[in-house]
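See below for the structure under consideration.
The values are calculated or read from the model by the stated rules, or taken from the named source; none is laboratory data. Source: prediction; values computed, not measured. All Cβ positions, glycine included, derive from the backbone under ideal geometry; neighbour counts span all protein chains shown. When the accessible area is computed, the model is the full protein with side chains, heavy atoms only, and any ligands, DNA or RNA have been set aside. Shrake-Rupley method; radii C 1.70, N 1.55, O 1.52, S 1.80 Å.
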Amino acid sequence: MPNASPLRSDAQRIVSAVAAKLISSHEVAERFEVTSHQEGFKHGLLGPNLPEPAPPEASGESAEDAPEATIEDEMQDLKEALTGDAYDRTELPSSDPGELVVRATPRRGAEIAGEIAGADFVFSRTPARLLRATVHAPSLPRFAGWIMKQTGAELAFTEIDGVPLVSEMRVRMRSRGFGRARFDYEFVTTAEYAPLAKG
């Protein structure tokens, strides 16, 4: 594990500035039309046959029409990891001086809302923007946790009107096994955002 250090004041300013711009799925639905596209990739021999890629799906123009569970719903969990009292945040070394890497780890005994058991965030320093995040999922219980490995999610972000929004989410699950003789499946969701016309 890379050596972590407490967040310095400049790093804390970047984290706070970006977190303040994260908005809920309700606000996303009010401000943007979201078109999402989902695909599955079979890397192992086991698992479902690959379906035909789903056609892009656009959300409605109001919060009531938006899908209940979309990648925008991750926003508040991410904000909690960046600012909430249930997480400790440390700075990790980065090979790029223009980037800031922050690890959010749940505090011992803290109750964690949502599905984030920790996350690594990558920010650009100037301007302060959220670029990528690796979100760690909780372990599956008992035998399921021994068989399957949840690798969490890899998120990439875009920024529109100063708002960081998830542009791509990759989730991969693998079982025990050797080489391709295992369940190894990846789900990729991409999203495009168009500001809604006012009026």
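Per-structure values
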{"item": "The one condition in (1) in contact with a Phe, Trp or Tyr (Cβ under 9 Å, 6 or more places away or on another chain); (2) modelled with pLDDT under 75; (3) surrounded by fewer than 13 Cβ atoms within 10 Å (Cβ to Cβ) that R107 fails to fulfil", "result": "(2)"}
{"item": "Count of residues meeting criterion [under 16 Å from the mean Cα position of the chain (by Cα) and assigned to a loop (DSSP other than H, G, I, E, B)] in segment 82-111", "result": "0"}
{"item": "Residues satisfying the stated conditions in segment 180-189, i.e. open to solvent by 50 Å² or more (accessible area, probe 1.4 Å) and modelled with pLDDT of 80 or more", "result": "F187"}
